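Here's the structure, in structure tokens; my notes come after.
FYI, it's all coordinate maths here, none of it is from the lab. Quick caveat, the model's predicted, so the values are computed rather than measured. All Cβ positions, even for glycine, are placed from backbone atoms using ideal geometry, and neighbour counts span all protein chains on display.
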Amino acid sequence: MPGDPIAAAARLRAYLDRRQPPTPCLAIDLPQVRAAYQDLTAALPSVDLYYAVKANPAPELLGALVALGAGFDVASPGEIDLCLAAGADPSRLSYGNPIKKASDIAHAYTKGVRRFTTDALSDVEHLARFAPGSAVSCRILVDAPASQTPFGRKFGCAPSMAVRVLRAARDLGLDAEGLAFHVGSQHLSPSAWVAGIEQAAAVWHEVGGLRVLNVGGGFPTGYRSPVRALPEFGRAIDDAVARSFDEPPLLVAEPGRALVAEAGVLRSEVVLVTCKSDVDTHRWVYLDIGRYGGLAETELEMIAYPLATAHDGAEDGPVIIAGPTCDGDDVLYQRTPYRLPLALAAGDHVDILGAGAYTASYASVGFNGFPPMSTHCLDAD
Ligand SMILES: Cc1ncc(COP(=O)(O)O)c(C=O)c1O
């Protein structure tokens, strides 16, 4: 468990009690982010970390990671500009999104970004034209068991195509530096990285002359159940690399969730508690945040957050939890068993723990007129 997430959550809840910001809002504990970064660095000592900005782009959080020497995995001109504004050096930015417009590539290049991930010949042509001479890695599709929030086949290409992509990059004057893969977010098993490394090694040897292996993100966070400790992932990666490569590659990773999830508490307010009939076994609890306000990862109930209320410890009962919008899909949990205190009523707070990743960055700008949540970053006094 990186840092001390229980202490961080307590600090954040006390802050929210004191300051009473309008809900929904996200509070982020910067000391916990720093501790998670240091723990991940210790667990993956041979790996250069590029924080996946999409997980949480709060400027203060980016600034804290800049100060620790982190690199940044960026996915758009907007994320590039945020990192540069937070003080990042463009040489520490890696444009990891294989899906990018030619104008986005040109923007990145103008701002000094020289490291890109690709997975398609047409993107390589754009890179050669709009980011000449840049370092390029090709992302491969990995055949591994699925993560909790899998990417499917959207990113990466087959290993045989990766060979062609990297050769084309070289022919076009780019620096074909390596291979990348991402096992899917919130992956519970180190074996996925082992599969990725072994599959990458085969391409690596065929292409020849590569230097960098990017093992992506996906490192998990314990939400309602504990997950394996980060050093287990580090050991599995190191062992697989040692077995698969004669000369060790420069290892890069792009963690998002594992650095920031446990640093966040999202405070919501209960809008309504009701039953649908006199014989309903479950209360419906409607919060002022839902799928469209930032809890996008509750889709298919893939991520089940721990919840906390001021009534915890009192008698509870089963609930279905839903968001405030007029969309029928805006139900957070109806299959995943949740219990909330019977005393819970409109106006009470429900705190969503472990919510620092993929929440504020997913909030819609105003679906149904609900404004996006605010983010408050707390630092040590
Ligand atoms: C290219 C890339 N790198 C890194 C990440 C971060 O993944 P995680 O938050 O699971 O560590 C993502 C997540 O979507 C991604 O798309």
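Numbers at a glance
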item: Estimated FRET transfer efficiency when R0 is 45 angstrom, pair Ala10-His205 (beta carbons, to 0.05); result: 0.35
item: Where Cα atoms sit under 26 Å apart: lysine pairs in the chain separated by 8 or more or lying on different chains; result: 8
item: DSSP-defined antiparallel bridges as percent of all bridges, the chain, nearest 5; result: 40 percent
item: Distance from segment 83-114 to segment 220-276 (C-alpha centre basis), Å; result: 25 Å
item: Nearest 10 degrees, 0 to 90: helix 159-171 Cα axis against the chain principal axis; result: 60 degrees
item: Sparse-neighbour loop sites [GluC sites (Glu not before Pro); segment 280-381; at most 14 other C-beta within 10 Å; DSSP]; result: Glu315
item: Positive dipole terminus of segment 246-294, leading residue within Gly294, Val265, Ser277 (C-beta point charges); result: Ser277
item: Efficiency of FRET from Cβ geometry, Ser277 and Glu60, R₀ 41 Å, rounded to 0.05; result: 0.30
item: On Cα atoms only, tilt of 30-43 relative to the major axis of the chain in degrees; result: 40 degrees
item: Degrees separating the helix 191-207 axis from the principal Cα axis of the chain, which is the longest one; result: 20 degrees
item: Extension reserve of the Trp284-Ala310 stretch, reckoned as 0.36 nm per residue once the Cα distance is removed; result: 7.5 nm
item: Packing rank of 87-96, 237-246, where each peptide gets the mean count of other beta carbons within 10 Å, highest leading; result: 87-96, 237-246
item: Separation between Cα centres of segment 322-353 and segment 1-22, rounded to whole Å; result: 20 Å
item: Segment 127-164 and segment 180-196: distance between their alpha carbon centers, rounded to Å; result: 14 Å
item: Proximal charge balance of Ala102 [Cβ under 14 Å; K/R count +1, D/E count -1]; result: 0
item: Only Lys, Arg (+1) and Asp, Glu (-1) charged, at Cβ; the chain dipole about Cα centre in debye; result: 620 debye
